[in-house]
Amino acid sequence: MIEIKNLHASVNGKEILKGINLTVKAGEIHAIMGPNGSGKSTLAQVLAGHPAYQVTQGEVIFEGQNLLDMEPEVRAHAGVFLAFQYPVEIPGVSNSYFLKAGLNEIRKSRGEEELDSMQFLKMLKEKMKIVEMDPSFINRPVNEGFSGGEKKRNEILQMAVLEPKLAILDETDSGLDIDALKIVSSGVNKLKSPKNATIVVTHYQRLLNYIVPDVVHVLVNGRIVKSGGKGLAMELEANGYDFIREEMQQSA
Amino acid sequence: MSETIEELVSQEYKYGFTTNIETDTIPPGLNEDVVRIISKKKNEPEWLTDWRLKAFRLWKTMEEPRWPNLQYAKIDYQSISYYSAPKEMKKYNSLDEVDPILLETYAKLGISLTEQKRLSGVAVDAVFDSVSVATTFKETLREKGIIFCSFSEAVQEHPDLVKKYLGSVVPYGDNYFAALNSAVFSDGSFCFIPRGVRCPMELSTYFRINASNTGQFERTLIVAEEGAYVSYLEGCTAPMRDENQLHAAVVELIALDNAEVKYSTVQNWYAGDKNGKGGIYNFVTKRGKCLGENSKISWTQVETGSAITWKYPSVILQGDNSIGEFYSVAVVNNRQDADTGTKMLHIGKNTRSTIVSKGISAGRGNNTYRGLVNIGKHATNSRNYTQCDSMLIGNQCSANTFPYIEVKNSSSSVEHEASTSKIGEDQIFYCKQRGINTENAISMIINGFAKEVFKNLPMEFAVEAQKLLGISLEGSVG
Ligand SMILES: Nc1ncnc2c1ncn2[C@@H]1O[C@H](COP(=O)(O)OP(=O)(O)OP(=O)(O)O)[C@@H](O)[C@H]1O
Ligand SMILES: [Mg+2]
């Protein structure tokens, strides 16, 4: 699905990603963990094409295409979705209008027919059930006045509507209460298929009880320093990142 | 990214063509004779000629206001021609007699003057340079007792009504530009909705400046008698020319007991080119008077054009329980300057006013909101709510807000909210991540920002206005 090779990226001249290598196959779930400021969100933003980050080296192949050459909206059309760590508010634009516009652009790019308002609304309501969101959110302005948890849930709703091939969830679990965490996770699991893949960025092993990863990676200081199975997350939870730093020092 | 923002804001003006038609234009210059000539050409009664002359004499003693936050080259009032009309302008008995070139001009602007073809149910008065060339649906309206005609025609056929109301809201000496207009006004629209009648269709005037070196000075007078209702739309365009052209209009609205007047404008005069060359200087006095109890006047404006805009549609809330509203979206781009806002003058008891102003600045545009809320001593239990939001696109534009508030009794209240935001790279990126391209993202964000104003426009007009907003900002973000 996606192959990241020796990816280096900087922001304002400061190098944040220092050679990331990561391959995710269709049907897989990968978790990325790591201390604050290690570059997890940067990786997510670079994959989505945020203009503030400059890629200085490396390449990313997504479904056989060179992802880094594509405009952000073209990446979205190709099936890349990012659930933002900090979802953005768009005053005056209703959630449904926004999502319908996005979905129809994506459909158009694939040569599919656009959905009319009736068809879209019907579909939206179905998807809202998956994340147990109140229908009142249909007409509220995008993320405006939403609580932290509601924003995160709204991200998953968007993912459910847009049905991406590769979903990158950046700390979607932070700010969620226990019930919401279960709902959101089960939403993610329901959308899982052998044809799509998910990268979850998280600080907490707790989420991985619900969304079970195939591989866990540890990102420290712009590099993936360790990868392993689900057990790695437990180890981190128990010992923090120090033991990895120690391992790194020993090997250095 | 700001580079791309800048690119998006510059898109061509598509109404910039010129119509080649023979005109009857008086030479540039302004003096009492010119005022007399205009009055004579229009075959006006003596009282009106005198009124014009009084205005002219007063104007000569006045000074052009310097307080607005606007920068423009000094206007040479002697270099402007004060009257221009397509030649051979007679009274047309039917639209078939109107010069096909004129009909074609309006068709190009998207306005069909051929009544049969107009399914939308909007009656139109088309003003070309100094004169009204056609008014549609007149007969249908006349059956209800509604008068909708050009101002010149009203002077001939309904002189008493004109005499009674002309200058009753905006006196000829009100301000510099109103005095100029009163002296040299050429044409405009007149509407009269008699007692108890709800006007069955939107009334609309379309103003077009065509001739070069001319000013356009139109006058609109709308009177709604007791219990009457009317919704009036105004649209405007002008050819692209390198020199600036002056537009100084006066609009007066009068609402008697329980009457309601809704006045909507989509102003798209030529704004000049990227470097600020050419464009219309728009100095307009618009004011409504809620003369009767429970009357209501609301202004909705979408201002995207003109090089310079100076405009404060206001409401005098004289009748008890009367309501005044002002909803505005003003967009400036490139080198445009706008100083616009409103005045709400509360005189009657329990009067209420609402002001919603949305200013959008892009390019090197400079957008100023200037508003006055005055609640008088006797206007007990009155209320005003003001919301003033500014949005900036790019780093070279500016927005200013000057709200003036005067409350002279203790039972009234005034609420003011203001905000300034920048269209964010993050907002655009968020939209793009969901598959929406930059242009559509900006248009979506801007329309969301201006939504409260658009929802007050008649349906068709709202769609038009949203498109216009998208166009006038294209090239500003990316
Ligand atoms: N636009 C920016 N300007 C300056 N520095 C930035 C910018 N974006 C990211 N950084 C810096 O890059 C580093 C990595 O940030 P990033 O958000 O990727 O970390 P993270 O791993 O997601 O952390 P967290 O767990 O706290 O979310 C941080 O030191 C951050 O301050
Ligand atoms: Mg982060």
Hits in region A:5-23 (condition: within 15 Å of ligand 1 (Cβ to nearest atom) and either in contact with a helix residue (DSSP H, G or I) (Cβ under 8 Å, 6 or more places away or on another chain) or at negative phi (or both)): A:LEU7, A:HIS8, A:ALA9, A:SER10, A:VAL11, A:LYS14, A:GLU15, A:ILE16, A:LEU17, A:LYS18, A:ILE20, A:LEU22
Residues (part of a loop (DSSP other than H, G, I, E, B), closer than 27 Å to B:ALA450 by Cα and within 14 Å of chain B (Cβ to nearest Cβ)) located in region A:146-163: A:PHE146
Considering residues of region A:37-59 that are hydroxyl-bearing (Ser, Thr, Tyr) and near ligand 1 (Cβ under 9 Å from one of its atoms) only, the residue farthest from the other protein chains (Cβ to nearest Cβ): A:SER38
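Conditions (1) surrounded by fewer than 18 Cβ atoms within 10 Å (Cβ to Cβ); (2) in contact with a Gly (Cβ under 6 Å, 6 or more places away or on another chain); (3) more than 14 Å from chain A (Cβ to nearest Cβ), marked per residue:
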position: B:THR351; (1), (2), (3): no, no, yes
position: B:SER382; (1), (2), (3): no, no, yes
position: B:THR386; (1), (2), (3): no, no, yes
position: B:LEU392; (1), (2), (3): no, no, yes
position: B:ASN395; (1), (2), (3): yes, no, yes
position: B:TYR404; (1), (2), (3): yes, no, yes
position: B:GLY424; (1), (2), (3): yes, no, no
position: B:ARG434; (1), (2), (3): no, yes, no
position: B:MET459; (1), (2), (3): yes, no, yes
Looking only at helices (runs of 4 or more DSSP H) that lie completely in region A:53-144, which have at least 2 residues being free of Cβ contacts under 8 Å to residues at least 12 places away in the same chain? A:95-109, A:117-130
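Only one residue in B:ALA441, B:ALA450, B:ALA465 is hydrophobic (A, V, I, L, M, F, W, C), away from every other protein chain (no Cβ under 14 Å) and either touching a helix residue (DSSP H, G or I) at 6+ places or on another chain (Cβ under 9 Å) or crowded, with 18+ Cβ neighbours inside 10 Å (or both), so which one is that?
The unique qualifying residue is B:ALA465.
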Criterion (in contact with a helix residue (DSSP H, G or I) (Cβ under 9 Å, 6 or more places away or on another chain) and within 7 Å of another protein chain (Cβ to nearest Cβ)) met by exactly one of A:VAL74, A:VAL93: A:VAL93
Within the bounds of region A:21-34, is there any residue that is small (Gly, Ala, Ser) and away from ligand 2 (no atom under 16 Å from the Cβ)? yes
Would you be able to say whether some residue in region B:410-422 is under 23 Å from the mean Cα position of the chain (by Cα), of a type in the set (Asp, Glu) and not in a helix (DSSP H, G or I)? no
Can you confirm whether A:LEU103 is under 27 Å from B:ASP426 (Cβ atoms) and within 12 Å of chain B (Cβ to nearest Cβ)? yes
Looking only at region A:10-22, count how many residues are over 18 Å from the mean Cα position of the chain (by Cα) and in a strand (DSSP E or B). 7
Filter result (of a type outside the set (Gly, Ala, Ser) and in contact with a Leu (Cβ under 6 Å, 6 or more places away or on another chain)) within region B:275-323: B:TYR281, B:CYS290, B:LEU291, B:ILE297, B:THR300, B:THR304, B:ILE308, B:ILE316, B:GLN318
Quick test of your reading of the structure: A:HIS203 fulfils all but one of (1) within 16 Å of ligand 1 (Cβ to nearest atom); (2) out of contact with any Phe, Trp or Tyr (no Cβ under 9 Å at 6 or more places or on another chain); (3) modelled with pLDDT of 90 or more. Name the failing condition by number. (3)
Anything in region B:49-79 that is within 30 Å of B:GLY365 (Cβ to Cβ) and acidic (Asp, Glu)? List them, or say none. B:GLU63, B:GLU64, B:ASP76
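The values are calculated or read from the model by the stated rules, or taken from the named source; none is laboratory data. Note that this is a predicted model, so its numbers are computed, not measured. Every residue, glycine among them, receives a Cβ derived from its backbone with ideal geometry; neighbour counts consider all protein chains shown.
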